Amino acid sequence: MQGNEACVEGALYVGCKFFAGYPITPATEITERMAWRMHEMGGVSIQLEDEIASIAAIIGASWTGTKAMTATSGPGFSLMQENLGYACMTETPIVIVNVQRGGPSTGQPTKASQGDVMQTRWGSHGDYETIVLAPNSVQEMFDLTIEAFNLSEKYRVPTIVLSDADIGHMRGKFTVSEDIKFIDRKYCTKHVEHNAFICDEGLVPEFPKFGQGHRVHITGLTHDVSGYPKTTDPEIHAKLVSRLVKKIRNHSNEISRTEILNPKADTILVTYGSPSNSVFEVLSENHNIGLFRLITLWPFPETEMKQIAKTAKHILVLEMNLGQIYWEVERIARQAGCQKVELFSKIGGEIHKPDEIIKRLKNEVL
Amino acid sequence: MKFFDLYRKDRWPHMFCPGCGIGTAMNCFFRAFAESRLNQDKTVFVSGIGCSGRIPSYILADSLHTTHGRPIAFAGGIKLANPELKVVVFTGDGDLGAIGGNHFINGCRRNIDLTVICINNYIYGMTGGQVSTTTPFGYYTSTTPYGNKEYPFDLSEVAVAAGANYVTRWTTYHVKSLTKSIKKALVKDGFSFVEIVSQCPTQFGRRNDMISARQVFEWLKKNSVLHKKAHTLVEDHLDLNLMGKITVGEFVERNREAYTKVIGVRK
């Protein structure tokens with residue numbers, strides 16, 4: 001199965017019942033497969049007039065208590081930024097799959113890239129946090145789509161599966177593990193008309209789904225716990241937006257996932273998504289090199305990174321962009337004591353080949 | 001349910017200007033809603049941005065105040081995910097005719113079971129009186145200091161052409177007919193569109209020699225002509241939107257099966 005198809009199966013497996021999308025290379029297979037598979041699963045899949053409408057529709061669907069998803073690539077993801085911010089502000093659980101292609105603009109539709117890493121975090125205006133997962137295989141397209149739904153439901157936050165053209169179109173097998181967990185958002189048990197956004201120290205309010213008589217008002221404007229607009233009080237704004245950010249940052253250790261090999265090695269390769277497949281090949285023949293693979297990009301696994309950087313002498317970050325996650329790695333690694341943090345960029349649509357990585361490392365360790 | 005029960009009274013005083021037509025529009029809607037015996041707890045009110053976008057925050061029901069121009073897209077998601085819910089959209093001429101134009105025409109075409117109510121006051125009221133896609137030719141706004149040089153949209157005719165199941169337009173003067181048409185729109189299957197031409201004395205009237213709400217109101221009344229009658233007139237363009245008259249009445253009533261039914265949503 002293709003990565004994109006495995007993504008659909010993951011979504012359906014975890015109980016996604018609503019999909020809205022707009023055709024775009026290299027993510028179209030998701031919209032196509034959803035069109036027939038969702039019908040079989042008793043949900044609704046619809047192709048809308050654009051990506052703006054697609055994300056709007058899944059947010060609407062989510063407010064009825066339905067697990068909902070959309071899929072796109074860079075140009076469509078750019079259009080979604082407006083309502084991505086809306087979903088953050090209204091704390092709506094949704095999943096967005098971004099199968100990255102070369103940018104900026106329409107760029108390279110059929111080629112892979114990792115150019116949207118920072119956009120997933122900073123693309124919409126204002127302060128907010130999202131959760132972003134980076135699959136590197138067909139298996140992970142299935143697994144991490146499920147994980148994305150679980151995290152999105154748990155923290156009431158838009159969660160992004162940040163794939164790319166290579167992973168989306170890669171063909172392979174995947175297995176369905178027996179111990180897959182399903183997490184559903186916590187629904188309000190009491191009537192919450194005036195307390196729609198009240199929450200405990202977990203910082204995630206219970207969800208008052210529409211049609212239950214809660215009579216809640218949900219707005220993208222700054223609101224207090226009642227949900228009503230309160231747009232001029234500085235304290236209310238600070239309290240709300242700080243909580244939206246803290247509910248993710250405070251749980252960053254629970255959310256973040258990494259794959260680490262040879263953590264005590266002098267040289268550590270930091271990678272995620274497609275290029276990690278080349279890195280694995282390099283590692284299989286060079287046992288003195290370490291791996292730090294990000295499965296969660298945001299929130300960034302800062303604790304693990306610090307730990308690695310304490311002993312590493314050289315950290316090389318491989319990215320299919322001109323440096324995005326690199327700046328985060330460099331900042332943390334330098335603080336932890338590793339002074340040699342370098343970037344190995346590759347853009348144009350091809351991943352770093354194993355021999356290129358070896359060549360790059362040759363003067364350092366081999 | 002009495003029609004007053006639908007007001008979210010703890011939100012008073014409301015934010016609308018003195019003389020605004022939204023009060024009339026809301027009263028007509030509430031009366032129609034109450035008389036239709038619909039359940040407020042099984043109805044969701046969705047809106048976009050602008051003065052009209054604030055209407056759902058004064059309604060005692062689940063409501064989603066969304067982004068500029070997008071309410072129809074959000075509303076479609078709600079309806080498809082839970083067809084048991086009645087979904088009503090409040091929007092304005094800026095929200096619907098400009099930034100949300102694509103969602104509007106495709107919404108009409110797609111025919112999801114929604115009731116869309118547009119308060120058309122010919123102006124961007126909340127941002128201070130800028131020209132809108134429905135501002136009549138030659139009229140003054142804060143961004144057309146030499147008069148509007150563009151021809152306006154006729155939102156109802158757009159809805160008819162785009163395939164909406166039910167399209168009606170009245171002004172805030174025609175309260176009885178408006179209430180009747182809203183009732184019809186609420187029970188009508190598929191996409192129904194109600195355009196309410198409304199006075200904005202603060203931003204539109206003031207700049208166009210109509211200082212008081214009453215003057216704008218009289219102007220709406222004077223320039224309105226029944227749709228049926230308008231067809232017998234020989235003018236080229238009959239509605240005020242194209243420098244003629246405001247045609248009012250029911251523009252189309254189709255019986256296309258609602259999208260929700262066509263696809264047979266299972267729940």
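Coordinate-derived values only; no laboratory data. Everything numeric in this text was worked out from a predicted model, so none of it was measured. Reconstructed Cβ throughout: ideal geometry from the backbone, glycine too, with neighbour counts over all protein chains shown.
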*What ratio of Cα Rg to 2.2 N^0.38 Å holds for chain B?*
0.94
_I want to check the label-to-label distance for A:Glu259 and B:Thr143. Put each point 7 Å from Cα in the C-beta direction and report it in nm to one decimal._
5.0 nm
*Hydrodynamic radius of chain A per Kirkwood, over alpha carbon pairs, in Å*: 21.0 Å
_segment B:98-150 and segment A:273-304: distance between their alpha carbon centers, rounded to Å_ = 52 Å
*Fewest-first sequence of A:Cys88, A:Cys7 by Cβ atoms within 10 Å of each Cβ*: A:Cys88, A:Cys7
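Tell me, what is the FRET efficiency for B:Gln130 and A:Cys199 to the nearest 0.05, using R0 = 45 angstrom and their Cβ-Cβ distance as r? Don't jump to the answer; show the numbers that get you there.
On the way: r = 39 Å, r/R0 = 0.86.
For R0 = 45 Å, the calculated efficiency reads 0.70.
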*log₁₀ of I(q)/I(0) at q = 0.18, 0.21 Å⁻¹ - segment A:1-83, Debye sum with one point per alpha carbon*: -0.66, -0.91
_Neighbour-count ranking [beta-carbon atoms within 10 angstrom, fewest first] of A:Trp327, B:Trp12_ = B:Trp12, A:Trp327
*asked:* Once you keep just the Cα pairs under 8 angstrom separated by 6 or more residues, what percentage relative contact order results for chain B?
replied: 19 percent
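Summarise the long-distance tail of P(r) for segment B:96-184 by giving the % of C-alpha pairs beyond 20 Å. It would help to have the intermediate numbers written out before the result.
Values: 1692 of 3916 pairs.
Everything past 20 Å amounts to 43 percent.
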*asked:* For the protein assembly as shown, compute Rg over Rh where Rg is the Cα radius of gyration and Rh is the Kirkwood radius from the inverse mean 1/r over Cα pairs.
replied: 1.04
*Mind pulling the per residue volume of the convex hull built on the Cα atoms of segment B:24-113? Å³ is fine.*
90 Å³
_Net charge of Cβ neighbours under 12 Å - reference B:Asp113; Lys, Arg +1; Asp, Glu -1_ = +3
*Per residue convex hull volume, Cα atoms of segment A:3-169, in Å³*: 86 Å³
*Using only Cα atoms, locate the centre of segment B:57-91 and the centre of segment B:172-197, then give the distance between them in Å, rounded to an integer.*
17 Å
*asked:* Charges on Cβ only, +1 for Lys and Arg, -1 for Asp and Glu, centred on the Cα centroid of the protein assembly as shown; of A:Ala6, B:Leu178, A:Val225, which one is farthest towards the dipole's positive end?
replied: B:Leu178
*Got a sec? Charge dipole of chain A, +1 on Cβ for Lys and Arg, -1 for Asp and Glu; which of A:Ser62, A:Val97, A:Met118 is way out at the positive end?*
A:Met118
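At R0 = 56 Å, how high is the FRET efficiency between B:Arg37 and A:His125 if r is their beta carbon distance? Nearest 0.05 is fine.
0.85
Once the cut-off is 18 Å, how many percent of the Cα-Cα pairs in segment A:211-292 end up in the long-distance tail? Can you show the working numbers first?
Working: 2131 of 3321 pairs.
When every Cα pair of segment A:211-292 is considered, 64 percent fall beyond 18 Å.
What fraction of the DSSP beta bridges in segment A:3-169 is antiparallel, stated in percent and rounded to the nearest 5?
Percentage antiparallel, nearest 5: 5.
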*Ranked by Cβ crowding within 10 angstrom, fewest neighbours first, how are A:Ser137, A:Ser152 ordered?*
A:Ser137, A:Ser152
*Can you give the relative contact order of segment A:259-365 as a percent, counting alpha carbon pairs under 8 Å and 6+ residues apart?*
30 percent
*asked:* Helix B:22-35 against the longest principal axis of chain B: what's the angle in degrees, Cα atoms only, rounded to the nearest 10?
replied: 30 degrees
*Set Lys and Arg Cβ to +1 and Asp and Glu Cβ to -1, take the dipole of chain B about its Cα centre, and tell me which of B:Ala162, B:Val46, B:Ile59 lies farthest positive.*
B:Ile59
*Report, largest value first, the span of the C-alpha coordinates of segment B:154-206 along each principal axis, in whole Å.*
39, 24, 11
*Which number do you get for Rg(Cα) / (2.2 N^0.38 Å) in segment B:69-127?*
1.13
_Rh (Kirkwood; distinct C-alpha pairs) - segment A:259-365, Å_ = 13.5 Å
*Among A:His237, A:His169, A:His287, residue whose mean-square fluctuation peaks in a GNM of chain A (springs only between Cα atoms under 10 Å)*: A:His287
*Taking Cα atoms, how many degrees apart are the long axis of helix A:51-62 and the longest axis of chain A, rounded to 10 and kept between 0 and 90?*
60 degrees
*Full-extension gain in nm, A:Ala238 to A:Ser345, via 0.36 nm per residue minus C-alpha separation*: 34.7 nm
*Rounded to the nearest 20 Debye, what is the dipole magnitude of the protein assembly as shown about its Cα centre when Lys and Arg each give +1 and Asp and Glu each give -1 at the C-beta?*
1740 debye
*Longest exposed-site-free window of chain A, the sites being GluC sites (Glu not before Pro) in a DSSP loop that have at most 12 other C-beta atoms within 10 Å*: A:1-177
*Over 25 Å between C-alpha atoms is what I'm after, so list which of B:Lys2/B:Lys176; A:Lys209/B:Lys176; B:Lys9/B:Lys222; A:Lys246/A:Lys313; A:Lys67/B:Lys188; A:Lys190/A:Lys247 land there.*
A:Lys209/B:Lys176; B:Lys9/B:Lys222; A:Lys246/A:Lys313; A:Lys67/B:Lys188
_Under 10 Å, Cα contacts only: if you run a Gaussian network model on chain B, which one of B:Lys222, B:Lys180, B:Lys245 comes out with the highest mean-square fluctuation?_
B:Lys222
